[in-house]
Amino acid sequence: MKFGNFDKLATNYAKYRPSYNYLLINKIIKKFKKKTTVLDIGAGTGKLTQILKKTNYFKKIIAVEPSKQMINYGKKLLGKKKIIWKNIPAEEIFFEKNSIDLICAASSFHWFTKKKNLDNFSMMLKKNCFFLIIYNSRKTKLSMDENKIEDLLKNKYNITKRVSSGKIMTKKYLNKILNNTNFRIIEKKIKIDLKKIKKNNYIGAWKSVNDIQVQLGKEFKNFINDIDNILKNKKSVKVYYETKVWVLKNVKPKN
Ligand SMILES: C[S@@+](CC[C@H](N)C(=O)[O-])C[C@H]1O[C@@H](n2cnc3c(N)ncnc32)[C@H](O)[C@@H]1O
């Protein structure tokens, strides 16, 4: 498995990964009235796409996803009404200048942060319209079980750096990526949800995480066994999910 390749993770991802806080996302995007086009980049199995569809604000949703296995789940779960599915990576997206009203990237932005991509997004997105960078990080310090698992990762498996966790996307890091682009951070909105997740579903969610599996390789199986052990007397796990939305404005010059 390689960083960013979700082909083998699709089934666990579709089944066990939680979605985002609907009310928060709905509140942020309700200014986009009907008859607008939204681009969902790295749409995966369609967790955010489903929210975009449910709001009913958009005439057209374009869901872009490079993994065939992931996008197939999206197509199966959400169908093709209002949604155009494109099985390509962010680097190959091309739409006309000023043809898009909103861009979203949910738990995917870290895979395509190059300036070349951001310049292309800015070209397609209308001036002063928004790019939402969304994550769903676990607040592990708030949960005793999750705390133990974090310790295990750090102390037994020597994982000190995450590649794809929303936690890496701090304001400083994001500003560095946005330097010399037309995107400016306008605001950050967060909402924490406590979810009580069945043990097997919780372990299933771990099996859908790309960067830990790549970093641990064959050891990943042992890590999963260790989690099972930590949770041996439990039926469920309390997980605090933080939906975090960075709102970026496309301040491109007039052309
Ligand atoms: C953690 S999943 C997020 C999926 C979905 N947006 C969600 O919120 O559930 C990350 C997704 O980014 C996709 N991805 C990886 N590299 C990409 C790229 N270069 N361009 C677009 N998407 C990419 C992966 O295939 C994967 O489906």
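Computed over the range 123-255, relative contact order equals 52 percent, with contacts defined as Cα pairs under 8 Å that lie 6+ residues apart.
For the range 33-177, report the % of Cα-Cα distances exceeding 19 Å. Of the Cα pairs, 57 percent sit more than 19 Å apart. Take the range 1-143 with all the other protein chains still there, run a 1.4 Å probe, and you get 49 Å² of accessible area per residue.
Taking the range 145-163 and a reference point 7 angstrom along Cα→Cβ of Asp226, the backbone N atoms nearer than 14 Å belong to 146-161. Computed from the C-beta positions of Ile88 and Lys171, the FRET efficiency with R₀ = 25 Å rounds to 0.25.
Taking all protein chains into account, the per residue accessible area for the range 146-255 stands at 58 Å² (1.4 Å probe). A Cβ-based charge dipole, computed about the Cα centre of the range 116-214 with Lys and Arg at +1 and Asp and Glu at -1, lands at about 200 debye.
Over the range 157-255, with every protein chain in place, what whole percent of the accessible area is carbon and sulfur at 1.4 Å, could you tell me?
Numbers: 2680 of 5760 Å².
Solvent-exposed carbon and sulfur of the range 157-255 make up 46 percent of the total.
Summed over qualifying helices (DSSP H, 4 residues or more, each -39500 (n - 2.57)) and divided by its residue number, the chain shows a 222 nm mean residue ellipticity of -9500 deg cm²/dmol.
Quantify, in whole percent, the carbon and sulfur part of the accessible surface of the range 1-75 (1.4 Å probe; protein heavy atoms only). Before the final figure, lay out each step's value.
Working: 1830 of 3650 Å².
In the range 1-75, the share of accessible area belonging to carbon and sulfur is 50 percent.
Take a quick pass over the range 1-51 and tell me how many lysine pairs come in under 23 angstrom between Cα atoms, counting only ones 8 or more apart or on separate chains. Total qualifying Lys-Lys pairs in the range 1-51 comes to 11.
Judged by the ratio a/c of the largest to the smallest principal axis of the C-alpha gyration tensor, the range 1-46 counts as prolate, that ratio being 1.5 or greater while a/b is larger than b/c. Each of the peptides 238-250, 140-152 was scored by the mean count of other Cβ atoms within 10 Å over its residues; in descending order, highest first, they stand as 238-250, 140-152.
Near Ala106, the amide H atoms lying under 5 Å from its own belong to Ile41, Ile134; only residues 5 or more places off or on other chains count, and H is placed 1.01 Å from N. At full extension, Lys235 and Ile186 could sit 13.5 nm farther apart than now, given 0.36 nm per residue minus the alpha carbon distance. Entry note, the chain: relative contact order of 24 percent, from Cα contacts under 8 Å with a spacing of 6+ residues.
Would you tally the net charge around Ser143, using a Cβ to Cβ cut-off of less than 13 Å, leaving Ser143 out, and scoring K and R as +1, D and E as -1?
+2
The values are calculated or read from the model by the stated rules, or taken from the named source; none is laboratory data. Just so it is clear, the structure is predicted and the values come from calculations on it, not from any experiment. Counting neighbours? That spans all protein chains shown, and the Cβs are built from the backbone with ideal geometry, glycine included. Calculation scope for accessible area: heavy atoms of the full protein, side chains included, ligands and nucleic acids excluded. Shrake-Rupley method; radii C 1.70, N 1.55, O 1.52, S 1.80 Å.
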